[in-house]
Amino acid sequence: MVDTRISRSESFLRKASLYKDAAMNALKEVTEFDSKIINSNDKYLETLNEADSIEYEILKENMAKAETEEERQAIRDRMAEMKKERYQKDTENKEFYAKQQNNHKNYTLQILASVAAVAGFIKFRKPIMDIGKKLITKR
């Protein structure tokens, strides 16, 4: 007769493997999410520059045609304002993405905690969460 019971060490190894797989998948997801955010922000900057390029070219042409110093100063002021607006939009976009990253990482930590609880690591919860946080935050 074959003993079908699973030993404690086999049970622990299965649970550890389950958590390791979940942690590795979570780390992969966080990395992919961060990469997508960086690419999205780059595209946003390109879009902002393209949107401003037409007006900027018109302002450059008007600068060459300007007859008075007041006209040239008004054009320079508008160019400076455009740069300020683009910087402000970029800053807002980066703040939004930072919030999204924090939300995603917190969600990932919640999933890891749930997997740890389900896997029976309740007594090892604190050390495992510390390891999970270090993996995700790379600190």
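Throughout, read-outs are computed from the coordinates displayed, never taken from laboratory work. What you are looking at is a predicted structure, and each value in this text was computed from that prediction instead of being measured. Every residue, glycine among them, receives a Cβ derived from its backbone with ideal geometry; neighbour counts consider all protein chains shown.
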Completion exercise
Simple SL model, points at 7 angstrom along Cα→Cβ for Thr31 and Lys84; separation in nm is 4.3
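Calculate, for Arg14 and His104, the FRET efficiency according to 1/(1 + (r/R0)^6) with r their C-beta to C-beta distance and R0 35 Å; round to the nearest 0.05.
0.80
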